[in-house]
Amino acid sequence: MWKYILKRVAWLLLVLVGTAFVIFTVMYFVPGDPADIALPASATFEERQAFRNELGLNDSYMVQLGRYLYKTFIKLDFGTSWTYNVPVMQELFSRMPRTFMLSLITIVLGAVIGIPLGIYAALHQNRWQDHTMMVLAMVGVSMPEFWLALMLVILFCLRLQWLPAFGIGSVANWVLPVITGTVAGIAKNARQMRSSTLETVRSDYISTARAKGVPERSVIYKHMLPNALIPIINIIGAQFGKSIGGTVVLESVFTFPGVGLFLLNSINTRDLPAIRSSVLILAFFTAVVMLIVDIIYACIDPRIKAQYVASGKGRRKA
Amino acid sequence: MKKFVSLLLILIMAATMVCGAYAENGHQALLNVAGSDPEDVSPFKTDKGTKSMLWSVYESLYDLDPKTGELCPVLVDGTRGENGGYTIVDDTTYEIYLQEGIYDHAGNPVTASDVAFTYMKNIEKGFKSYYSKLEEATALDDTTVQLKLSAPIENVSELLPYFINIWVYTEKAFNDSPSGLTTDACGTGRYKLTQFVSGASLTMEAWDNYWQKDESKINERHQAHADKIVEYFMSEETQIVIGLETGSIDICTKISTESCSDFLEGGMYANQVAVSTLPDNKEVVLNPNCSPESPMSDANLRLACFYAIDNNYVVRALGDGTAVACNALGVKEGTVDYNEAWETVPSYQNTYDLALAKEYLVKSNYNGETLTIMTNTDNNGAYKTVALVISSFLEQLGVKTEITVYDRNTADSKRRDPKAFDLEIVSAVSVASSNMEMYNYLFNTQTTGTDKTLWYVDDSRLNELFTTAYAVKTNTPETMEALYQYVIDNGYSFGLLRMNANVAFRTDKVEDIMYQGQHLVVPGSSPLK
């Protein structure tokens, strides 16, 4: 098992170096001069050149790439943001807890609400409960996040005046972003859980358990649920990885200062150190989450575990 | 399952109600402002529009009266020196006289050495262009700062940044700040920055121990009417509108005309929210690419195109109240060198004449090429609408066009390729007190490091006229007039319009909006009800 984890960690490092290379190359060719953004319009040609020289922007692609990879992976120096004028990691880590917390709450709520609803729909297949839930789930999946956010703002902030429309100062500020982020998660999880449960319900071991007279409750909780949940873990892991970097819409609509908004602003202002480091950090988190998901997968799915153990024994024999 | 769903619904309802009650009690700030993200709170880049809130935290040596464009002493002692706070010792030596008894929010006395430190630190931070000729700033005594320049200052607009683009901070405050005054602030202004949440908000509280005790010396832009101001950095206009409608926002420093419809006369919230509108101090210009690579290098084609465009119609196409048409290449309000006669002397700036345009077109070398109109996405895509209308006018003339739209940074880069465009719709720089600031951006060849301007005008006569009008000793209405006429005669730039800057405010809380020199809102000094 440890070998498997080590192998995945090695892959993670490769993924990070690859990401760094790709993001550096893409940003190198994106038009836009940081000197125009950082310096006043009245700055002379010489002042702009001096600024570029100071940042090493006049060096060749290979020199810049080498310097970037060396600083990032050897010295762990992620640079200073040109627009925020603070070390990128400082700015990222001040925003990361908010984004992380928002993601965590939406994912947990999405799972806690979506999974039981999916099971409930599957157990009532082709009845009104199933149809109602699947229609609602379809609506939830189809609704654009920004539209839902604005509708919720209009309802809860403008009409009912129950909740604030923006800010991060109190618990109330988190309610609407959380609801907006959770709706799609609930819908996706419910749909996935329903189909996964239906697949499991039709399995031979469930029929056998029922034929042996095992109580329905035990059939559901002991035999059906553990197997039906396996694909869901993968989906939730992917959702978490995506939501850490992909909450730009939520953050923008609710003026929620998270990593997504930082990245968006950095792209608009061609803040190269901020863009490179943010993408790298997000790639790192996503890769770590997926690694954890794979490990959990390997732990709970005896088939994967057996496959791994079998291949390990095979190699030792050879 | 039914029990689970019911329980869940009850919990959600209870949570939202509790949070709602909590939120209701949380609104204790006296003035809530919706503004743009300043990114940091450093006192270096002073002309950045999104940092206007910091104008109440830091103070400069002088500020500009928005109505007259005149310098008003703030930290300097206006009663000393030959020029109301400063003396020109010789062409390259200036002495500035500070008031006595200035101290900052941390209680540090502000002396001439701190002002000198601020100059040199700002240069070190990359803002040399504000004080491009400054060689050294030194303190002669506690209240006298001496500026040694490498060459004489040639123009009023060159002199202004030395006095205005300097938010003074003390050396001690800078050294004591863990972030080098990037995420915390310590100025001498009427408000103290008490909290800055990067990307979210900043909070300021009125400073009771303001150093200036003589009320008669405090101008209206430095009053503190609100006890506490919270600025939220909001980009989503729907949120801002809802904030204004519900009263959770008291002032919005910038809002588009489309979003103001509910607040204008006859609108649903017109009795609760008012809109103060000022034409922006930036002119949106149509600049031809004068490089030999472009057909627009032909003066007759430039004049043909310009006479074929009715900028009043362009403004109408943008919608009521969105912009004002320019009848001359220059900003009128608050500038010292605008000549009102420019508006009446017939030129393409104030005349739409398709017949004359066709005459110029016949004289030109235009061979049916498709001209590329380049613009950017600023101002919520308004420039694209401008480009579409201009394209229609040129179509009427018989000139084919295509439109390319980029984000501003990309457009700035594309401009460096003379083959990338033929005409560009772009916003010129802000004008504080002199139109030479805009002319400097449009016609100064120093910004490119070549003999050409940013739009590839390679004309020694233009350069000569510009240099004469720009130099402080030869800057007269006559030299300005000569430059203006030459630009218009050759069709080097067309001042199309100025976007209206809307400020919305709750009338139950705010009586009127206070502006400072660069058309920026000063919420704390705005009279309250």
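Read the figures in this text as sums done on the coordinates, not as results from a lab. The structure presented is a predicted model; accordingly, all values stated were derived computationally and were not measured. Please note: Cβ atoms are built from the backbone with ideal geometry, for glycine as well, and neighbour counts cover all protein chains shown.
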Exercise. Based on the mean of other Cβ atoms within 10 Å per residue, sort peptides A:275-287, B:34-46 so the most packed one is first.
Key: B:34-46, A:275-287
Exercise. As a check on your grasp of the helix formula, calculate [θ] at 222 nm for the protein assembly as shown: sum -39500 (n - 2.57) over DSSP H runs of n ≥ 4, divide by the residue count, round to the nearest 500.
Key: -14500 deg cm²/dmol
Quiz prompt | Of every Cα-Cα pair in segment B:284-500, the percent that sits beyond 33 Å | solution = 8
Quiz item: Between B:Asp227 and A:Ile230, what FRET efficiency follows from the Cβ-Cβ distance if R0 is 41 Å, with the result rounded to 0.05?
Solution: 0.10
Exercise. For segment B:102-174 and segment A:131-189, write down the distance between their C-alpha centroids in whole Å.
Key: 51
Self-check item: Fewest-first ranking of B:Val156, A:Val153, using other Cβ atoms within 10 Å as the exposure measure
Solution: B:Val156, A:Val153
Practice problem: Starting from the Cα of A:Ile292, move 7 Å in the Cα-to-Cβ direction to define the label point; list residues of segment A:242-279 whose amide nitrogen is under 18 Å from there. | Solution: A:242-247, A:259
Self-check item: Farthest toward positive dipole pole in segment B:284-500 [+1 Lys/Arg, -1 Asp/Glu at C-beta], among B:Thr467, B:Val324, B:Thr401
Solution: B:Thr401
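Taking the Cβ-Cβ separation of B:Asp142 and B:Ser179 as r and a Förster radius of 22 Å, what is the calculated FRET efficiency to the nearest 0.05?
Between B:Asp142 and B:Ser179 the formula returns 0.20.
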Exercise. Mind giving me the FRET efficiency for B:Asn300 and A:Leu57? R0 is 45 Å, r the Cβ-Cβ distance, nearest 0.05 is fine.
Key: 0.65
Exercise. Enter the mean number of other protein chain beta carbons within 10 Å of the beta carbon of each residue in B:41-47, as an integer.
Key: 2
Exercise. Could you point to the residue in A:Ala165, A:Ile281, A:Leu198 farthest towards the positive end of segment A:88-317's charge dipole, with +1 and -1 charges on the Cβ of Lys/Arg and Asp/Glu respectively?
Key: A:Leu198
Self-check item: chain B: C-alpha gyration tensor shape, a/c 1.5 cut-off, then a/b vs b/c
Solution: oblate
Quiz item: Within straight cross-link reach of B:Lys414, meaning Cα distance under 22 Å, which lysines are found once same-chain residues fewer than 8 apart are removed?
Solution: B:Lys282, B:Lys384, B:Lys400, B:Lys452
Quiz prompt | Prolate/oblate/rounded call for segment A:88-317, Cα gyration tensor, a/c under 1.5 rounded | solution = oblate
Practice problem: Using a/c under 1.5 as the rounded threshold, could you call segment A:1-145 rounded, prolate or oblate? The axes a ≥ b ≥ c are square roots of the C-alpha gyration tensor eigenvalues, and prolate needs a/b larger than b/c, oblate otherwise. | Solution: prolate
Practice problem: With only Lys, Arg, Asp and Glu charged, each at its Cβ (+1 for the first two, -1 for the last two), find how big the charge dipole of the protein assembly as shown is about the Cα centre; round to the nearest 20 debye. | Solution: 6680
Quiz prompt | Dimensions in Å of segment B:255-347 - Rg and Dmax from alpha carbons | solution = 17.7, 57
Quiz item: What whole number of Å gives the distance from the Cα centroid of segment B:299-313 to the Cα centroid of segment B:460-487?
Solution: 24
Quiz item: Averaged over peptide B:398-407, how many Cβ atoms belonging to another chain are found within 10 Å of each residue's Cβ?
Solution: 1
Quiz item: In segment B:322-350, which residues have a backbone nitrogen under 18 Å from the label point lying 7 Å from B:Ala270's Cα in the Cα-to-Cβ direction?
Solution: B:322
Quiz prompt | Angle between chain A longest axis and helix A:171-201 axis [Cα atoms, degrees, rounded to 10] | solution = 40
Exercise. Loop only per DSSP, at most 16 neighbouring Cβ atoms within 10 Å: give me the GluC sites (Glu not before Pro) in segment B:250-312, ordered by residue number.
Key: B:Glu265, B:Glu293
Exercise. Shielding by partners for A:168-174, please: the mean number of other protein chain Cβ atoms within 10 Å of each residue's Cβ.
Key: 6
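Got the relative contact order for chain B handy, in percent, Cα pairs under 8 Å and 6 or more residues apart? Each step should come with its number before you reach the end.
On the way: 1054 pairs, mean separation 102.4, N = 529.
Here the relative contact order equals 19 percent.
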Quiz item: Which length gain, in nm to one decimal place, applies between A:Ile37 and A:Lys3 when the Cα-Cα distance is subtracted from 0.36 nm times their residue separation?
Solution: 7.4 nm
Quiz prompt | Lys, Arg +1 and Asp, Glu -1 on Cβ, resulting dipole of segment B:68-170 about Cα centre, debye, nearest 20 | solution = 360
